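One structure is given below, encoded as structure tokens.
The values are calculated or read from the model by the stated rules, or taken from the named source; none is laboratory data. Since this is a predicted model, take the numbers as computed values, not measurements. Cβ sites come from the backbone with ideal geometry, for glycine too, and all protein chains shown count toward neighbours. Note: accessible area is taken over every heavy atom of the protein model, side chains too, but ligands, DNA and RNA are not part of it. Shrake-Rupley method; radii C 1.70, N 1.55, O 1.52, S 1.80 Å.
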Amino acid sequence: MSKIKNIVVLTGAGISAESGIRTFRDTGGLWEDHSIEEVATPQGYADNPELVLGFYNARRAQLSKVEPNAAHIALAKLEAGLMERGGLLTIVTQNVDDLHERGGAKNIIHMHGELLSQWCRVCDRKFKSAEAFTLQSQCPKCESIGKVRPDIVWFGEMPYFMDTIEAHIQNCDLFVSIGTSGAVYPAAGYVQVARGLGKQTLEINLEPSEGSYLFHESRLGKAGEMVPAWVDEILGLL
Ligand code: APR
Ligand code: ZN
């Protein structure tokens, strides 16, 4: 019986690329068309809420047109396989799409928020909604109008669930990073946390990320091909 029981998988935009969702920093990525300052900062939202709501409405509208790919589905298979043996898979995703959920995984931490979640700035409640945002959007809880923002962590804001994420890394036997450039902290620093705790680390990415040198092992290729093969390898080991 291998000693791998608990695994933390960090995912980034690269795992959703083969589903047709643009990444941020690849050629043709989202940040090539939009200035981060304009659409992914609190100041950008304050300056031009309509532009920001439009940006997220377009990304939300795309969700109904894309499907989870083989990598999302393979992670759900790994989650079930580990659970059967009393282990745990924790998916920590930087992605705000719902493809991990639709791929069948359950234990998912969205550290940068979710496209399908709205956040009322008056009563601070968050609620799931696939509706487009407008400046007249009404909070279903406190009924305030025009005070609902995307539940997305913008640059300069604190990512969600950081304590929980670090606790899962403390308890894991293996830390795996899939489809992220390693450009944004704290996510990019989690491999160092894992290494500092003596955990085994693996990177699966189309090209070496900024933190590739920090991983014990780095596998280059498309997530849709590499992740199912890696999951079969791990489940075969268990
Ligand atoms: N399979 C595997 N990896 C891929 C694939 C693929 N099919 N396609 C692209 N990649 C890799 C790229 O090589 C790149 O390293 O995915 C990574 C995508 O990097 P980014 O576009 O920077 O996306 P990400 O790392 O998720 O960005 C992190 O930055 O802008 C913020 O909040 C945003 O969550 C995002 C964070
Ligand atoms: Zn409210």
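Structural remarks
- Any hit, the stretch 109-118, residues being within 16 Å of ligand 2 (Cβ to nearest atom) and in contact (Cβ under 8 Å) with a residue 12 or more places away in the chain: yes
- Extreme residue, surrounded by the most Cβ atoms within 10 Å (Cβ to Cβ), among residues of the stretch 1-29 that are under 20 Å from the mean Cα position of the chain (by Cα) and among the charged types (D, E, K, R): GLU18
- Candidate set: the stretch 221-238, residues that are assigned to a helix (DSSP H, G or I), more than 19 Å from the chain's Cα centre (by Cα) and among the aliphatic types (A, V, I, L, M); chosen: the one farthest from LEU88 (Cα to Cα): ALA229
- The selection criterion, being away from ligand 1 (no atom under 16 Å from the Cβ) and either among the polar types (S, T, N, Q) or over 20 Å from the mean Cα position of the chain (by Cα) (or both), does not hold for GLY44.
- Note on the stretch 121-138: residues that are without any contact (Cβ under 8 Å) to a residue 40 or more places away in the chain, under 22 Å from the mean Cα position of the chain (by Cα) and more than 7 Å from ligand 2 (Cβ to nearest atom) amount to 5.
- Failed condition for HIS168, given (1) in contact (Cβ under 8 Å) with a residue 12 or more places away in the chain; (2) in a helix (DSSP H, G or I); (3) within 20 Å of LEU99 (Cα to Cα): (3)
- The residue list GLU84, GLU50, GLU32 contains one member that is open to solvent by 20 Å² or more (accessible area, probe 1.4 Å), away from ligand 1 (no atom under 14 Å from the Cβ) and free of Cβ contacts under 8 Å to residues at least 12 places away in the same chain, which is GLU84.
- When the criteria are applied in full, SER218 fails the requirement of being part of a loop (DSSP other than H, G, I, E, B), among the polar types (S, T, N, Q) and within 12 Å of ligand 1 (Cβ to nearest atom).
- The number of residues in the stretch 139-153 that are of a type in the set (D, E, K, R) and either near ligand 2 (Cβ under 7 Å from one of its atoms) or open to solvent by 20 Å² or more (accessible area, probe 1.4 Å) (or both) comes to 3.
- Any hit, the stretch 155-164, residues being open to solvent by less than 10 Å² (accessible area, probe 1.4 Å), modelled with pLDDT of 95 or more and either part of a helix (DSSP H, G or I) or within 16 Å of ligand 1 (Cβ to nearest atom) (or both): no
- Reported count of residues in the stretch 111-153, each being more than 24 Å from THR164 (Cβ to Cβ) and not in a loop (DSSP other than H, G, I, E, B), is 3.
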